[in-house]
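Worksheet for the structure shown next.
The values are calculated or read from the model by the stated rules, or taken from the named source; none is laboratory data. Because the structure is predicted, anything quoted here is derived from the model rather than measured. Neighbour counts are summed over all protein chains in view; Cβ atoms, including those assigned to glycine, are modelled from backbone coordinates with ideal geometry.
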Amino acid sequence: MSAKDEILGRVQRGVGKDDFAKRRAAAIASLISAERGPQPVMNADLVARFRAKAEYLASTVVGVASLAEVPAAVAAYLAAKGQAGEAVATADVGSLDWAGSGLRVEPRPAVDADKTGISGCFCAIAETGTLMLLSGPQTPATVSLLPETHIALVDVSRIVATMEDAFALLRTERGSLPRAVNFISGPSRTGDIEQTIVLGAHGPCRVHLILIG
């Protein structure tokens with residue numbers, strides 16, 4: 001028997017002695033019952049806090065009263081930026097009346113040639129001005145990551161205070177993690193070259209948020 005076989009055999013025999021189901025249950029119970037650490041002090045206006053933090057991170061933010069007003073708000077933003085009225089969107093927002101505002105929006109995953117992506121978000125975090133997006137068949141991550149401009153629709157009722165609150169909401173509503181959870185805090189940026197901040201290095205160079213409600 002080689003040294004390798006001997007070592008692997010000892011590992012296998014040791015593994016057989018352990019009750020992994022019991023250990024897994026204990027680990028899950030510990031995660032669920034764990035006490036939260038120190039939390040930031042925030043006032044009751046989570047929407048104002050989220051907006052201020054998002055703008056600090058170089059996102060632009062506008063508000064609309066209802067979902068029906070979103071296409072016009074998107075059209076106005078693209079026109080102001082001199083961009084074409086074309087975009088891809090996640091399926092959860094792809095059925096809005098985009099054509100009524102003169103836009104051509106395709107509900108599909110993005111490719112590298114797409115200039116604008118429109119998505120919803122699972123929730124938003126007031127503490128840091130961060131979006132929480134979940135990947136899935138209806139919400140491909142490429143829409144928020146590949147285009148130069150990412151427009152995110154944020155229902156103000158889905159703004160939570162902290163990162164811990166966001167994960168608690170995810171556990172309550174989904175039960176388990178999707179394949180990917182993406183946190184977006186403003187445009188992509190890097191300071192690798194001479195400590196000069198460059199936007200859009202690893203993702204969108206513009207993030208525009210439309211608060212709904």
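Can residue 48 be described as modelled with pLDDT of 80 or more, surrounded by 10 or more Cβ atoms within 10 Å (Cβ to Cβ) and of a type in the set (A, V, I, L, M)?
yes
For the range 172-193, give me each residue that is under 21 Å from residue 50 (Cβ atoms) and either touching a helix residue (DSSP H, G or I) at 6+ places or on another chain (Cβ under 9 Å) or aliphatic (A, V, I, L, M) (or both).
Of the residues in the range 172-193, the ones under 21 Å from residue 50 (Cβ atoms) are 172-173, 181-189.
Matches in the range 172-193: 181, 182, 183, 184, 185, 186, 188.
Among the residues that make up the range 24-33, is at least one of them modelled with pLDDT under 80 and either within 30 Å of residue 186 (Cβ to Cβ) or in contact with a Leu (Cβ under 8 Å, 6 or more places away or on another chain) (or both)?
Yes, the range 24-33 contains a residue that is modelled with pLDDT under 80 and either within 30 Å of residue 186 (Cβ to Cβ) or in contact with a Leu (Cβ under 8 Å, 6 or more places away or on another chain) (or both).
Can you name the residue in the range 97-108 that is crowded, with 17+ Cβ neighbours inside 10 Å and not hydrophobic (A, V, I, L, M, F, W, C) and is also farthest from residue 154 (Cα to Cα) among such residues?
101
Output the qualifying pairs, or none if there are none: Cβ atoms under 8 angstrom, residues six or more apart or on different chains, first residue in the range 153-168 and surrounded by fewer than 16 Cβ atoms within 10 Å (Cβ to Cβ), second residue assigned to a helix (DSSP H, G or I).
Short answer, once both residue conditions are applied: 156/47.
Taking the conditions exactly as written (out of contact with any Cys (no Cβ under 9 Å at 6 or more places or on another chain), on the phi < 0 side of the Ramachandran plot, assigned by TED's automatic domain parsing to the domain that holds residue 53 and in contact (Cβ under 8 Å) with a residue 40 or more places away in the chain), does residue 144 satisfy them or not? Full working, then the answer.
Details: out of contact with any Cys (no Cβ under 9 Å at 6 or more places or on another chain): no; on the phi < 0 side of the Ramachandran plot: yes; assigned by TED's automatic domain parsing to the domain that holds residue 53: yes; in contact (Cβ under 8 Å) with a residue 40 or more places away in the chain: yes.
Against the criterion (out of contact with any Cys (no Cβ under 9 Å at 6 or more places or on another chain), on the phi < 0 side of the Ramachandran plot, assigned by TED's automatic domain parsing to the domain that holds residue 53 and in contact (Cβ under 8 Å) with a residue 40 or more places away in the chain), residue 144 does not qualify.
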